[in-house]
Amino acid sequence: MTEKFLVKVYVPSIDEVYNVYLPINSQVGNDIILLNKSIFELSNGEYIPNNKVRLYDRETGEMINTNKLLRDTNVRNGSGLVLL
């Protein structure tokens, strides 16, 4: 079974928050691709996927390095993220 973190992702472009599971052993860049697709579907097409968006820590405002594995970042269960 793949371990995952449950995180809250805020999407300012549509002013929505989504609770999503992200695999802890995947690269953040791959997680962004996954989030783009998932949020497009969850928002019924209201969110337009963009390959230039990045993930930010909602509390600190720091950009999360897209080349790191999620487990090697400060993201943990319950973390708040911003897809911007």
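The values are calculated or read from the model by the stated rules, or taken from the named source; none is laboratory data. Fair warning: this is a prediction, and the values are worked out from it, not measured in the lab. Cβ: placed from backbone, ideal geometry, glycine included. Neighbour counts: every protein chain shown. When the accessible area is computed, the model is the full protein with side chains, heavy atoms only, and any ligands, DNA or RNA have been set aside. Shrake-Rupley method; radii C 1.70, N 1.55, O 1.52, S 1.80 Å.
Dividing the mean sequence gap of close Cα pairs (under 8 Å, 6+ apart) by how many residues the chain holds gives a relative contact order of 40 percent. Using a probe radius of 1.4 Å on heavy atoms only, what accessible surface per residue do you get for the chain? Whole Å² is fine. That works out to 64 Å² for each residue. Using only Cα atoms, find the angle between the long axis of helix 28-42 and the longest principal axis of the chain, and express it within 0 to 90 degrees, rounded to the nearest 10. Roughly 30 degrees between the two axes. Mean residue ellipticity, 222 nm, helices only, the chain: the sum of -39500 (n - 2.57) across DSSP H runs of n ≥ 4, divided by residue count and rounded to 500, is -6000 deg cm²/dmol. A Förster distance of 30 Å, applied to the separation of the beta-carbon atoms of E46 and E3, puts the FRET efficiency at 0.45. D15 sits with roughly 100 Å² accessible to a 1.4 Å probe, with DNA, RNA and ligands left out of the calculation. When +1 charges are put on Lys and Arg Cβ atoms and -1 charges on Asp and Glu Cβ atoms, the dipole computed for the chain relative to its Cα centre reaches about 200 debye. If one computes P(r) from the Cα atoms of the chain, what percent of pairs lie at distances over 23 Å? Considering the chain, 12 percent of its Cα-Cα pairs are separated by more than 23 Å.
Residues T66, T2 ordered from highest to lowest accessible area at a 1.4 Å probe: T2, T66.
Ligands, DNA and RNA aside, S79 has an accessible area near 20 Å² when probed at 1.4 Å.
Computed over protein heavy atoms with a 1.4 angstrom probe, the accessible surface ordering of V17, V11, largest first, is V17, V11. As a fraction of the 1.4 Å probe accessible area of the chain, surface on carbon and sulfur atoms comes out at 47 percent. Site pair N30 and L69 shows an inter-label distance of 1.0 nm when each label is modelled 7 Å from Cα along Cα→Cβ.
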